[in-house]
Amino acid sequence: METINQYIFGSLEKHADLCMQILKDRSWTYREVAAAVNGVVHELQERGVAPGDRVAIIAENSPWWLHAYLGILAAGAVAVPRGEDIPDAELFYILEHSGCRVVFSGSKRTTERLPARFTTIPIHDDGFPDPVEIEDYTLSTFAESVQPHDLAVILYTSGTTGQPKGVMLEHRNIAHQIRVAPPIVNMGPNDVWVSILPSWHTFELTVELCSFVSGGTTVYSSKRTLKEDLRKHRPHFFASVPRIWETIYAGARNAIRDKGLVARSLFGAAFWGTCQWKRGNPLGWPLHLLGEKVFYAKLRAATGGR
């Protein structure tokens, strides 16, 4: 298989009854996501979107972001995603440069920023397309609606050194990642993934797609709820960037520091012992055991323990 559609829509059929997405107290099964995607396809077709047309998603992370994205691909169109923090001049440039006329908008403010010549479909309220029940043959139609060399996504650069540049990714580019990554990390059905990075970043989107192809569950988190979500949902996988790991590290160090000089000294000794033991020095083993009994289990629990 060499297209995103073949992998994803095959997975929606294969894992129909498994939980696919969680946002706060709401969840979606793979079957429910398939119906949501089908609703998006119907809406796009009613708006005159044809295969090869560009459709923008100007929104932040949410389950509906993914429903919109998969709906665009199922219709044979090309997704042009970007976050809502984009300045007006850059936003209008991207929409015009890519040839978008239909835009999924993540908030009322973003909708109000767009000139009347753009058709907007809200992600932020009841205007999002209603789900439409789907049959297996429809999923097969979506899976075969594109070819490996067809364009899937245009990702625009930040524009730091000039006008943003559209990076054109074909289905086969992303399908390759979907094929090779899950076996490397042994990703499988019911594995839990916590999503916090922007979905319009290619790294985050690719790992989400890997999770969905594997029958996993994605939990949508935020900076404010991350600590609670890690403890509550106990993820097996978590894609991140250095800044987030630095925040987790600083939180752990601050918690130890606040316990006083004795705790700081014990942790320093235990961590030194762990480092020595990991490097093959058996003299570090007793101090490593001290760390396991007193500190490390609590630190693992803070990130879910899995």
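The values are calculated or read from the model by the stated rules, or taken from the named source; none is laboratory data. Keep in mind that this is a model prediction, so the values were computed, not measured. With ideal geometry, Cβ positions are generated from the backbone for all residues, glycine too; neighbour counts draw on all protein chains shown. Calculation scope for accessible area: heavy atoms of the full protein, side chains included, ligands and nucleic acids excluded. Shrake-Rupley method; radii C 1.70, N 1.55, O 1.52, S 1.80 Å.
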Practice task
Might you check whether a residue that is touching an Asp or Glu at 6+ places or on another chain (Cβ under 8 Å) and over 20 Å from Gln163 (Cβ atoms) occurs anywhere in the range 41-49?
Solution key: no
Exercise for the section: Would you mind stating whether Val192 is at pLDDT 90 or above and touching a Lys or Arg at 6+ places or on another chain (Cβ under 7 Å)? Expected result: yes
Exercise for the section: Could you please find all residues in the range 182-199 being assigned to a helix (DSSP H, G or I) and open to solvent by less than 30 Å² (accessible area, probe 1.4 Å)? Expected result: Pro182
Fill in the blank from the handout: Residue count, the range 237-249, condition surrounded by fewer than 18 Cβ atoms within 10 Å (Cβ to Cβ) and more than 13 Å from Arg300 (Cα to Cα), comes to 8
Exercise for the section: All but one of (1) under 16 Å from Pro129 (Cα atoms); (2) in contact with a Phe, Trp or Tyr (Cβ under 8 Å, 6 or more places away or on another chain) hold for Leu18, so report the exception by its number. Expected result: (1)
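Here is a list: Arg234, Arg224. Which entry is touching a Gly at 6+ places or on another chain (Cβ under 7 Å), open to solvent by 40 Å² or more (accessible area, probe 1.4 Å) and within 24 Å of Asn61 (Cα to Cα)? Give the derivation first.
Working: Arg224 fails: touching a Gly at 6+ places or on another chain (Cβ under 7 Å).
Result: Arg234 is the single residue among Arg234, Arg224 that is touching a Gly at 6+ places or on another chain (Cβ under 7 Å), open to solvent by 40 Å² or more (accessible area, probe 1.4 Å) and within 24 Å of Asn61 (Cα to Cα).
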Exercise for the section: Please work out which residue is nearest to Gln147 (Cα to Cα), limiting yourself to the range 200-214 and to residues that are in contact (Cβ under 8 Å) with a residue 24 or more places away in the chain and surrounded by fewer than 20 Cβ atoms within 10 Å (Cβ to Cβ). Expected result: Thr206
Problem - Sole exception among (1) closer than 30 Å to Gly216 by Cβ; (2) touching a Phe, Trp or Tyr at 6+ places or on another chain (Cβ under 6 Å) for Thr141, by number - result: (2)
Problem - Matching residues, the range 142-181, being surrounded by fewer than 15 Cβ atoms within 10 Å (Cβ to Cβ) and β-branched (Val, Ile, Thr) - result: Thr157, Thr160, Thr161, Val167, Val180
Fill in the blank from the handout: Scanning the range 16-49 for residues that are of a type outside the set (D, E, K, R), surrounded by fewer than 21 Cβ atoms within 10 Å (Cβ to Cβ) and not in a helix (DSSP H, G or I) gives Ala16, Leu18, Cys19, Leu23, Ser27, Thr29, Gly48
Handout entry: Test result for Leu139, at pLDDT below 95 and in contact with a Ser or Thr (Cβ under 8 Å, 6 or more places away or on another chain)
Key = no
Fill in the blank from the handout: With the first residue restricted to the range 63-91 and required to be open to solvent by 10 Å² or more (accessible area, probe 1.4 Å), and the second required to be among the acidic types (Asp, Glu), Cβ contacts under 7 Å at 6 or more apart or on different chains are Glu84/Glu60
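Name the single residue, out of those in the range 112-141 being of a type in the set (D, E, K, R) and within 25 Å of the chain's Cα centre (by Cα), that is least open to solvent (accessible area, probe 1.4 Å). Don't jump to the end; show me each part of the working.
Residues of the range 112-141 that are of a type in the set (D, E, K, R), as a first pass: 112-113, 117, 125-126, 130, 133, 135-136.
Then keep just the ones that are within 25 Å of the chain's Cα centre (by Cα); that gives 125-126, 130, 133.
On the way: Asp125: 63, Asp126: 152, Asp130: 114, Glu133: 147 Å².
Selected residue: Asp125.
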Practice task
For the range 61-68, indicate whether the set of residues that are over 19 Å from Asp125 (Cβ atoms) and touching a strand residue (DSSP E or B) at 6+ places or on another chain (Cβ under 7 Å) is non-empty.
Solution key: no
